[in-house]
Amino acid sequence: MKKTVFSAMRPTGKLHLGHLVGALDNWLELQEKHACIFSIVDWHALMSEYEQSTEIAENIMDMALDWMACGIDPEKSIIFVQSHVPEHLELQMILACITPLGWLERNPTYKEQLREIKTRDLQTYAFLGYPVLQAADILLYKAGAVPIGEDQLPHIELTREMARRFNHIYKTDFFADCEAILTETPRLLGLDGRKMSKSYKNTVNLSDSPQEIVRKVKTMFTDPKRIKLSDPGHPDKCNVYSYYKVFSPQRADDVHQWCTHAQKGCTECKTILGEAIVDRLADFQEKRNDLAKCKERVREVLDHGQKRAQKIARETMGQVKEIVFGR
Ligand code: SF4
């Protein structure tokens, strides 16, 4: 049966290969089977980027371009910008009133981000409450399913808890449980072997030129034990090999062979990989370049998405207000 599926991305910078294989490829499959709602969540971006807020508008356009060039189809899915539908904040406020502080303070992702992100001050009221806005994003559309990675399971659990608490307090069964769609997606590390992140400057962006892609791939860290060309390598310990498995799986056996038998050097191996990634992105980039020439079309898609999303959101908020305020 067709479900309503909600998913979102924060427009905090350029999309990279990790977004492509970790989310967008999966979204393409989902939009064929379900009623998908994809949101560019700029309020969530503002929570961390409040000091560079003027960059968010450009990031929104870039993100919409990337999504559409990837094949996210506005005829099949709703694509919209979160702040264009004010009902997100209305529902967030209602959920915030019923969410115990302890739930938010115990959120493992919140604690991890406070620990790891040192370049921004995230000790803010809004950031502590981001799971409340996330819950509002999902519940506003009565989404039955949300595609996520395993590390995001606590967020879905919090959304369920908030929905149940709402139902309990207001003696209703208005919000149903939403389920997580856990998908096995390849986990790509950054070029330097650390977590892929724009703040580490270790990403290959979807909009990088072919020359830039090849140049960046040549900087990838390889098997540290392979020092000389004549040393056999250990592909299973090499990040380059894991990229081959994702972007050129038909070559993976050959790479294994030439690496373990020291038949090719790492520079050549990375050059071939760079070219394979360029090939993989060729159609995407052609479409993206065409779309970038007519941004009016992208704006129309976002306007159309806003109207469709708001129609659902208004209806939900009308019902929620009736339950909460008796009107
Ligand atoms: Fe990695 Fe390729 Fe070098 Fe082997 S030959 S260590 S797979 S870069």
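The values are calculated or read from the model by the stated rules, or taken from the named source; none is laboratory data. Source: prediction; values computed, not measured. When we count neighbours, we look across all protein chains shown, and the Cβ atoms used for this are built from the backbone with ideal geometry, even at glycine. Ligands, DNA and RNA are excluded from the accessible area calculation, which covers all protein heavy atoms including side chains. Shrake-Rupley method; radii C 1.70, N 1.55, O 1.52, S 1.80 Å.
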* Asked: Between the range 254-276 and the range 211-237, what's the alpha-carbon centroid distance in Å?
  -> 8
* **Given Lys33/Lys287; Lys3/Lys321; Lys14/Lys287, the pairs whose alpha carbons are separated by over 22 Å** => Lys33/Lys287; Lys3/Lys321
* Quick one: which of 119-131, 271-283, 155-167 comes out on top by average Cβ neighbours within 10 Å, and what's the full order, highest first? -> 155-167, 271-283, 119-131
* Give me the net charge of Gly22's neighbourhood, meaning all other residues with Cβ under 13 Å from the Cβ of Gly22; Lys, Arg count +1, Asp, Glu -1. => -2
* **Theoretical FRET efficiency, 1/(1+(r/R0)^6), r = Cβ-Cβ of Asp253 and Glu55, R0 51 Å, to 0.05** => 0.75
* Asked: What lysines could a cross-link reach from Lys111, if we take a straight Cα to Cα line under 22 Å and drop same-chain neighbours fewer than 8 places away?
  -> Lys195, Lys198
* Describe numerically, in nm with one decimal, the distance between label points set 7 Å from Cα along Cα→Cβ at Asp192 and at Ala292. => 2.6
* Structure fact -> Cα-based Debye curve of the chain sampled at q = 0.09, 0.15 Å⁻¹ gives log₁₀ I(q)/I(0) of -0.53, -1.26
* Out of the DSSP beta bridges found with both residues in the chain, what percent are antiparallel (nearest 5)? -> 10
* Could you work out the helix-only [θ] at 222 nm for the chain, with each DSSP H run of four or more residues adding -39,500 (n - 2.57) and the total divided by the number of residues, to the nearest 500 deg cm²/dmol? -> -17000 deg cm²/dmol
* Structure fact -> Scoring only Lys, Arg, Asp and Glu (+1, +1, -1, -1) among other residues with Cβ under 14 Å from the Cβ of Gln152 yields -3
* To do: Please give the length that would be gained between Thr271 and Lys171 if that part of the chain were fully extended, namely 0.36 nm times their separation in residues minus their C-alpha to C-alpha distance (nm, one decimal).
  => 29.8 nm
* For the range 208-288, which whole-number percentage of the solvent-accessible area (1.4 Å probe, protein heavy atoms only) is attributable to carbon and sulfur atoms? -> 52
* Asked: Relative to a virtual label point 7 Å from the Cα of Lys237 in the Cα→beta-carbon direction, which members of the range 169-200 show backbone nitrogen distances below 20 Å?
  -> 189-195
* Structure fact -> Expected unfolding gain across Thr119-Trp103 under the 0.36 nm per residue rule, minus the alpha-carbon gap, is 3.2 nm
* **Part-to-part distance (alpha-carbon centres) for the range 87-149 and the range 277-313, which is given in Å** => 27
* Starting from the exponent 0.38 and prefactor 2.2 Å, build the expected Rg for the range 208-288 from its residue count and divide its actual Cα Rg by it. => 1.10
* Mean Cβ neighbour count within 10 Å, used as a protection proxy, ranking 194-205, 80-91 highest first -> 80-91, 194-205
